[in-house]
1. So which residues in region 78-92 are of a type outside the set (Phe, Trp, Tyr) and touching a residue at least 12 places away in the same chain (Cβ under 8 Å)?
2. Do you know which of the residues in region 78-99 that are assigned to a helix (DSSP H, G or I) and of a type in the set (Val, Ile, Thr) is surrounded by the fewest Cβ atoms within 10 Å (Cβ to Cβ)?
3. If a residue must be surrounded by 17 or more Cβ atoms within 10 Å (Cβ to Cβ) and part of a loop (DSSP other than H, G, I, E, B), how many such residues does region 104-132 contain?
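Each reported figure results from applying straightforward, stated rules to the coordinates on display, with no laboratory input. For clarity, every value in this text was computed on a predicted model and none was experimentally measured. FYI the Cβ positions are ideal-geometry reconstructions off the backbone, even for glycines, and counts take in every protein chain you see.
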Amino acid sequence: MKLAFGILILSGFFNYSYARGMTKKDTVFYYIDTLKTPVKDRMISVEMDKAFKFYTINCYCLSSDNPPVFRTNVTKQTLLSKSEFKKLTFISLTRLIELVRKNDDRHFDEKYVIYFIEPAGNKYAKLKAFFLGGHVTILN
C-alpha cells in the first residue's frame, strides 16, 4: 500500500513537472528601426557589449521605477527575407510596455518568447530577446 501511494505521488510530481515545461508561451515580435527614428523620438536605446545587444525602453515603468531592459545575442540572429518579414505580426511599443509592466517580476520569459526584428541590409535580423528586468548595468 505504501509503495502504491509513493508511486502515485511520484507520478503526480513528474506529470506536474512535465506539464510546467510544456506550457505554451506566446511569441511576440517587435520591430525596431533606430536608423529611421529621429534621435529625439527614440523610446528605445540600443547598446552593444561584445556579442550582446541590450535594448532599454526609456520609460521608468517597472514597479522598481527602472526602465525595462532586454538582452539578445547577435551571434545567434536569424536573417529573414522580405517575404518572411511580411508574414510576421508585430506588437506596438505601447503593448510591449503593457506586457512588461504586467510581468516585471522577472516572469516575462516564462510567459513570452520575444524577438526583436531589425533591418539588416535588404534582409531583417531576427534576435531572440530575454527580459532582464530593470536592474541592469551594461559594461562596455
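1. Residues satisfying the conditions are 78, 79, 80, 81, 82, 84, 88, 89, 91.
2. 94
3. Residues meeting the conditions: 1.
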